[in-house]
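The values are calculated or read from the model by the stated rules, or taken from the named source; none is laboratory data. Since the model is a prediction, treat every value here as computed from it, not as a measurement. All Cβ positions, glycine included, derive from the backbone under ideal geometry; neighbour counts span all protein chains shown. Surface accessibility is based on the protein's heavy atoms, side chains included, excluding ligands, DNA and RNA. Shrake-Rupley method; radii C 1.70, N 1.55, O 1.52, S 1.80 Å.
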Amino acid sequence: MSFKIVFDYILTRTGVGCGAGLDGLTALLERLGNPQERFKVIHIAGTNGKGSVAALTAETLRQAGYKTGLFVSPHLCDPCERIQVNAQNISKADFASAVLQVFQEEEQELNFFEILTAAALCHFARAGVDYAVLETGLGGRKDPTNVCTPAACVITSIGLDHMQLLGSSLAQIAREKAGIIKPGVPCFSGAVNPSAREEIKKIAKEKNAPLTFVEEGQPFFTYAFDFPNNQTILHTADGQEWALHALGRRQGLNACVVYQLAQCLHIPQEAVRRAFETVRLPGRFEVLHRPGQTLILDGAHNPQAIELFLEFFKATPYAGKATLLCGFMKDKDYKKMLSLLVPHFKQIVVTVPSPTRGAGKEEILEALPKGVKVRFFKNPSRALTAVKQEPYVVCAGSFYLVGFVRRKWLQTFRPQAGKSAQE
């Protein structure tokens with residue numbers, strides 16, 4: 001069965017409340033021979049930053065000589081990005097094979113993310129990985145990835161997102177995210193709100209799990225930004241400089257978290273350093289250049305992420321010059337995100353990132369701050385055409401939109417041999 005048929009079918013297995021739940025998924029994995037027990041797991045949750053930390057962690061383990069799986073969501077351009085081994089996307093044939101392997105043992109109907117989780121675990125077992133880095137899809141306590149008992153876990157940040165499912169306060173959301181903490185398993189957390197911090201501490205204490213809150217300066221401070229090469233230069237208290245192939249102040253804290261996690265796993269420092277220099281984080285304040293235009297892509301899709309994006313963006317050479325191309329999903333707080341974004345751009349172009357889940361014209365117009373005018377295009381391709389002459393463009397608000405724009409932009413500009421689009 002072809003990849004397209006398989007993926008199109010599992011896309012129909014969506015919707016809140018559907019799925020087998022953790023008990024049903026655990027039973028399925030038992031029938032599959034418990035693939036999740038054949039390798040060590042690093043489990044990563046958080047409102048923002050978990051994709052970056054997952055990618056950095058996986059590359060760190062790979063640079064240390066471990067065969068490493070990576071499971072992330074959502075994808076930017078290709079669904080096969082979601083399941084990787086040693087930084088290589090799963091092939092379409094192996095993707096379809098792993099999903100069909102899951103279907104052979106399905107008794108209760110799984111949902112989309114449960115299918116992907118089980119397929120990833122089967123693929124990692126078949127590939128013989130030493131470690132698998134798993135990023136939660138939503139929350140933590142009830143997330144399908146929580147069927148695993150990890151060697152270590154990470155909670156990157158806590159913000160107000162998915163409140164209809166996770167709770168209306170930072171403390172409630174922290175409780176759900178901290179559901180990945182397991183008895184005796186080390187947990188690392190980035191900087192979080194005091195109420196969220198207390199919830200994480202409480203659950204770690206109940207589980208007798210060693211807990212480390214990581215702050216800036218342990219060991220890195222953000223030092224300088226190399227925009228043409230998409231690098232953040234970090235420095236330590238003793239004067240060392242490390243190059244992180246990702247831009248953003250928040251990426252400095254993500255680097256600190258990964259560094260502390262690597263120490264716990266006894267990973268050589270040189271492997272961490274190579275990973276920071278090697279890994280690429282598309283769609284996370286990614287700056288692309290071509291003659292006459294600079295494009296900044298950032299998948300920020302909730303108010304906390306937008307605030308972090310703007311905090312950094314306002315200090316860049318692009319502030320005050322750029323046009324904003326944005327779009328939002330209906331279930332996100334797009335009213336708040338628009339109120340944060342619009343004061344910082346000379347013009348706003350809005351589109352619909354998904355025909356079924358994207359916020360439409362009436363919803364956007366109702367959410368706009370009073371007096372703000374935007375250009376609206378239902379079709380993302382037309383929206384991208386509308387900004388093609390703008391010298392500076394920022395695309396944000398949805399990973400789905402960022403992925404679409406990135407793919408189309410790179411298709412229309414083929415880099416010369418030996419050069420990347422970033423150069």
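Considering only 333, 298, 78, the Gaussian network model of the chain with Cα springs below 10 Å gives its largest mean-square fluctuation to 78. The alpha carbons of segment 103-217 stretch over 46, 34, 26 Å along the principal axes, in descending order.
Note on segment 28-154: Cα Rg divided by 2.2 N^0.38 Å, N the number of residues, gives 0.95. Rolling a 1.4 Å probe over the protein heavy atoms leaves residue 375 with an accessible area of roughly 100 Å². Helical runs (DSSP H, four residues minimum) scored at -39500 (n - 2.57) apiece and divided by the length of the chain put the mean residue ellipticity at 222 nm at -11500 deg cm²/dmol. Applying a threshold of 28 Å to the alpha-carbon distances of 50/335; 201/336; 142/202 flags 201/336 as lying beyond it. Residues in segment 72-87 carry Karplus couplings, in order, of 9, 7, x, 8, 8, 10, 9, x, 5, 4, 5, 10, 10, 10, 6, 6 Hz; the curve used is 6.51 cos²θ - 1.76 cosθ + 1.60 with θ = phi - 60°, and Gly or Pro positions show x. If I compute solvent accessible area with a 1.4 Å probe over the protein chains, what percent of it on the chain is carbon and sulfur? It is 50 percent, rounded to a whole number. Calculated translational diffusion coefficient of segment 265-423 (37 °C, 0.692 mPa s; Stokes-Einstein with Kirkwood radius over alpha-carbon pairs) equals 199 µm²/s. With N the number of residues in segment 177-323, Rg(Cα) / (2.2 N^0.38 Å) evaluates to 1.17.
Each pair of Cα atoms in the chain enters the Kirkwood radius, and Stokes-Einstein at 20 °C and 1.002 mPa s then converts it into a translational diffusion coefficient of 97 µm²/s. Amide H to amide H distances under 5 Å link residue 225 with 233, where only residues 5 or more positions off or on other chains count and H is placed in the peptide plane.
Taking the inverse of the mean 1/r over every pair of distinct Cα atoms in segment 290-342 gives a Kirkwood hydrodynamic radius of 12.1 Å. Counting heavy atoms of the protein chains alone, residue 215 has an accessible area of about 70 Å² for a 1.4 Å probe. Surface exposure of the chain, expressed per residue as accessible area with a 1.4 Å probe, stands at 42 Å². Hydrodynamic analysis of segment 177-222 uses the Kirkwood radius over alpha carbon pairs. Inserted into Stokes-Einstein at 10 °C and 1.306 mPa s, it gives a translational diffusion coefficient of 143 µm²/s.
Might you report the magnitude of the Cβ-based charge dipole of the chain about its Cα centre, with Lys and Arg at +1 and Asp and Glu at -1, to the nearest 20 debye?
1100
Counting heavy atoms of the protein chains alone, residue 67 has an accessible area of about 80 Å² for a 1.4 Å probe. Kirkwood radius and radius of gyration were both taken over the C-alpha atoms of segment 227-271, and their ratio Rg/Rh is 0.99. Just checking the listed ones, 200, 173, 364: in the Gaussian network model of the chain with Cα springs under 10 Å, the one fluctuating most is 364.
Among 319, 118, 58, the largest mean-square fluctuation in a Gaussian network model of the chain, built with springs joining Cα atoms closer than 10 Å, belongs to 319. Here the alpha carbons of segment 217-303 define both size measures, Rg and Dmax, at 13.8, 47 Å.
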